[in-house]
Amino acid sequence: MENEVARRLGEMFADMPAELVVPRVGTFAEVPAPDDFRCWTISGYRPTETDETVTVNLMAASSELPPDVYFVARTLRRWAGLGALARSTVVDRLALPSGTVLGGAELTFGSGQGWTVRFAECDAAGLSELGVLVEFNDTKLTTIDDLTDATEM
């Protein structure tokens, strides 16, 4: 049974188009990805009610369902509040100065309701150029990862 599910997911994965349209967001173009993954990106997207632009990635592995485009659209419509939650929680948990700028937001969605935002532009001392990764499950913030230690691997 498990092999049959994996086979069907692989077929679905192979049939996914090079461009994905997310309603009320835009067209995502496929970009290079690691083996057994496919990734679609829209750069310079400006979510409603914000004055920032973000990069949004949809990523699927051959053993997973493709991203739910309606979930992606709903989440992006909530970005003003979710982005503020992510920023304030990062500042609090990492004990950063209150004026810390966390920019260059890169959102990545896979299958299910888990998604991440990486703040690639951080002006706080002690943070690396890799930034800070924040994980969500739907609208609940679940994990914050200061990527400073990732350079030591």
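The values are calculated or read from the model by the stated rules, or taken from the named source; none is laboratory data. What you see is a predicted model; the values in this text were computed from it and never measured. No Cβ is skipped: glycine too gets one built from the backbone with ideal geometry, and neighbour counts run over all protein chains shown. Please note that ligands, DNA and RNA were not included when accessible areas were found on the heavy atoms of the full protein model with its side chains. Shrake-Rupley method; radii C 1.70, N 1.55, O 1.52, S 1.80 Å.
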Six or more apart or on different chains, Cβ under 8 Å: which pairs go from a residue in the stretch 42-68 that's more than 15 Å from residue 16 (Cα to Cα) and without any contact (Cβ under 8 Å) to a residue 40 or more places away in the chain to one that's open to solvent by less than 60 Å² (accessible area, probe 1.4 Å) and among the charged types (D, E, K, R)? Could you list them?
46/52
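Determine whether the stretch 132-140 contains at least one residue that is in contact with a Gly (Cβ under 9 Å, 6 or more places away or on another chain), open to solvent by less than 20 Å² (accessible area, probe 1.4 Å) and under 30 Å from residue 11 (Cα atoms).
For the stretch 132-140, residues in contact with a Gly (Cβ under 9 Å, 6 or more places away or on another chain), open to solvent by less than 20 Å² (accessible area, probe 1.4 Å) and under 30 Å from residue 11 (Cα atoms): present.
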Mind checking which pairs have a first residue in the stretch 105-131 that is of a type in the set (D, E, K, R) and a second that is in a loop (DSSP other than H, G, I, E, B) and open to solvent by less than 10 Å² (accessible area, probe 1.4 Å), Cβ under 9 Å, 6 or more apart or different chains?
106/131; 118/131; 121/131
Can you name the condition, by its number, that residue 47 falls short on among (1) assigned to a strand (DSSP E or B); (2) touching a Phe, Trp or Tyr at 6+ places or on another chain (Cβ under 8 Å)?
(1)
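Could you please let me know if residue 143 is closer than 23 Å to residue 19 by Cα and free of Cβ contacts under 8 Å to residues at least 40 places away in the same chain? Reasoning before the result, please.
Values: closer than 23 Å to residue 19 by Cα: no; free of Cβ contacts under 8 Å to residues at least 40 places away in the same chain: yes.
No: the conditions fail for residue 143.
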The correct count of residues that are closer than 13 Å to residue 118 by Cα and either among the aliphatic types (A, V, I, L, M) or open to solvent by less than 50 Å² (accessible area, probe 1.4 Å) (or both) in the stretch 83-96 is 3
Go through the stretch 69-91 and give me each residue that's aliphatic (A, V, I, L, M) and without any contact (Cβ under 8 Å) to a residue 24 or more places away in the chain.
84, 91
Out of all the residues in the stretch 122-144, which are modelled with pLDDT of 90 or more and not aromatic (Phe, Trp, Tyr)?
132, 133, 134, 135, 137, 138, 139, 140, 141, 142, 143, 144
Mind telling me which of the residues 41, 100, 55 ends up being of a type outside the set (Phe, Trp, Tyr) and touching a helix residue (DSSP H, G or I) at 6+ places or on another chain (Cβ under 8 Å)?
100
Does residue 112 satisfy being surrounded by 14 or more Cβ atoms within 10 Å (Cβ to Cβ), modelled with pLDDT of 90 or more and not basic (Lys, Arg)?
no
Considering each residue of the stretch 31-41, count those that are within 24 Å of residue 5 (Cβ to Cβ) and in contact (Cβ under 8 Å) with a residue 12 or more places away in the chain, and give that number.
6
